[in-house]
Every structure is written in structure tokens, then in C-alpha cells.
Amino acid sequence: MESKILKRLSNAYILLVFAFLYVPIVIIIIYSFNSTKSNVVWGGFTLDWYNTLFNDDNVITALKNSLMIAIISTIISAIVGTVGAFGFDRYKFKGKGAISLLIYIPIVIPEIIMGISLLVFFSALQMDFGIVTLVLAHTTFCIPFVLINVKARLSGFDKSLEEAAMDLGASKITVFKTITLPIIFPAVISGAMLAFALSLDDVIINFFVSGPESTTLPIKIFSMLRFGLSPEINALCTIMLLTTFVILLVSQIIKVKKEN
């Protein structure tokens with residue numbers, strides 16, 4: 001009897017956790033089709049907010065800026081982070097322990113401190129605030145996430161595979177391309193995906209290092225909150241959510257096919 005009660009309580013707890021996480025997302029999707037501007041009262045079904053979204057040049061430009069910055073910073077972070085992790089794993093040098101600790105600083109310090117420090121740094125260099133400063137800033141805080149992921153994967157790497165390939169005459173570059181990289185590639189991808197997500201939704205650092213012509217989507221949404229959040233943003237969130245779900249679904253289908 002007690003085991004049944006505990007099981008029911010456990011199921012109820014899990015249900016409440018999932019409801020807490022996903023009900024707000026479902027509400028956003030539902031109210032993106034609301035005919036009234038209110039996010040509280042349902043006024044009927046409409047697609048007008050999607051039409052408004054596609055005709056809002058400011059929001060579309062902000063979205064393009066966010067995607068461009070996220071993609072560029074993710075690519076740079078993936079390359080630098082992978083090379084850095086490989087260097088930390090394979091080579092010994094002075095100050096290696098201290099540098100390993102410094103890698104965690106962009107992750108653990110408050111974003112507002114990092115935003116102010118980047119603002120001061122770029123100002124000292126007399127750089128114009130815009131896409132370039134945003135890419136540099138995002139790359140700075142994204143590299144550690146890739147590096148730590150890849151470094152963790154390399155720590156359990158079987159180096160005998162590389163040694164066997166080199167014994168058979170393969171060069172170091174060939175070994176890296178055909179053996180090392182394919183094995184650590186899932187860690188590279190997971191780190192890159194995390195970097196992309198962090199870059200896409202960053203607000204605080206964007207606020208400090210963006211320029212008037214480089215407004216990102218999070219900053220645009222934040223500025224719109226002063227006048228009330230429009231269902232137009234709900235429509236944008238719905239499209240982004242559906243895109244994410246499609247990507248996840250496709251990746252799972254590819255994974256299942258590979259396993260079979």
C-alpha cells in the first residue's frame with residue numbers, strides 16, 4: 001500500500017515538474033493565435049500576428065543579427081575550443097594548471113561583470129560597437145563551454161588507436177582527421193550547440209557591447225516589454241520552438257538510422 005502511494009506521489013511530482021516547465025511554452029504558442037493583443041483573454045483564432053511578424057522589419061533585422069552573431073561566434077568557438085582542448089590534453093607547459101582555472105572564469109563570473117569589462121576593453125581599444133564587438137564578446141564566453149566539453153571527451157580517449165594508426169604509417173594530420181576528430185566530434189557538436197544557444201539568447205552582454213545598428217533579438221524583445229509584449233513575439237517564439245523541435249526530431253531520426 002505504501003509503495004503505491006509513494007509511486008503515485010512520485011508520478012504527481014514528475015507531472016508537476018513537467019507542467020511547470022512546459023505549460024508556459026504551450027501558453028505562448030496558443031496566444032500567438034489570439035485575435036486580441038491581450039495575453040490573458042482569448043479573443044478567437046487568427047494568423048494576423050504571423051503576418052505582422054513577417055512585415056516587421058525591425059524584428060526581422062534583429063533576428064538576422066542574432067543568428068549571424070550566434071553562427072559566427074559558434075564556429076569560431078568550436079574551432080578554438082577544440083584546438084585548445086587538444087593542446088591541454090596532449091601537451092605539458094608552464095602555467096597549465098593556472099590557465100585551466102582561468103578557463104572557468106567566463107562561466108562562473110556574473111554576466112554583468114563580464115559585460116562591463118568587455119565594454120571597458122573595447123572602449124580602451126576605441127572600437128566601434130556593433131557586430132564585430134558582439135561576435136568577439138560572444139566568442140569569449142562561448143569558447144570555455146566547447147573546450148570543457150571536448151576536454152572531458154579527450155580525458156577518456158584511447159590513445160592506442162592513434163598509436164596503432166601511426167605504426168601503420170599514417171601521419172599525425174591523417175590520424176587526427178580519420179580517428180581523433182570523428183571520436184570527439186559528438187563533444188564538439190554538443191559544445192557548439194550549447195554555445196549557439198547561449199549566444200542566441202544573451203541579453204546582458206549584448207546590452208553593453210551592441211551598437212545602434214546591431215540590435216539583437218533579445219534586446220529588441222526587452223525594449224518592447226516597456227510597451228507590453230505583443231503576440232507578434234509569441235508568433236516568433238512559436239516559429240523558433242517549432243524549428244528547434246524539427247531539428248531535434250531530425251537528429252534523433254538520423255541517430256536511430258545510424259544505430260540500425
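At a glance:
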quantity	calculated
Residue within region 93-114 that is under 23 Å from residue 145 (Cβ atoms), hydrophobic (A, V, I, L, M, F, W, C) and touching a residue at least 60 places away in the same chain (Cβ under 8 Å) present	yes
Selection count, region 156-173, where residues are in a loop (DSSP other than H, G, I, E, B) and either over 21 Å from residue 81 (Cβ atoms) or in contact with a strand residue (DSSP E or B) (Cβ under 7 Å, 6 or more places away or on another chain) (or both)	5
Residue 190 being assigned to a helix (DSSP H, G or I) and in contact with a His (Cβ under 6 Å, 6 or more places away or on another chain)	no
Total residues in region 133-183, condition of a type in the set (S, T, N, Q), loosely packed, with under 11 Cβ neighbours inside 10 Å and within 28 Å of residue 199 (Cα to Cα)	1
Filter result for residue 232 (under 30 Å from residue 35 (Cβ atoms) and assigned to a helix (DSSP H, G or I))	yes
Breaking point among (1) out of contact with any Leu (no Cβ under 9 Å at 6 or more places or on another chain); (2) over 18 Å from residue 196 (Cβ atoms); (3) of a type outside the set (Phe, Trp, Tyr), for residue 118	(1)
Of all residues making up region 202-220, the number that are in contact with a helix residue (DSSP H, G or I) (Cβ under 6 Å, 6 or more places away or on another chain) and without any contact (Cβ under 8 Å) to a residue 60 or more places away in the chain	1
Search result, residues across region 27-81 that are surrounded by 15 or more Cβ atoms within 10 Å (Cβ to Cβ) and of a type in the set (Ser, Thr, Tyr)	31, 32, 50, 61, 66, 73, 74, 77
Region 231-260 residues that are under 20 Å from residue 47 (Cβ atoms) and at pLDDT 80 or above, paired with ones that are among the basic types (Lys, Arg) and surrounded by fewer than 15 Cβ atoms within 10 Å (Cβ to Cβ) (beta carbon under 8 Å, 6 or more apart)	231/37
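The values are calculated or read from the model by the stated rules, or taken from the named source; none is laboratory data. Here the structure is a predicted model, which is why all the values come from computation and not from measurement. Please note: Cβ atoms are built from the backbone with ideal geometry, for glycine as well, and neighbour counts cover all protein chains shown.
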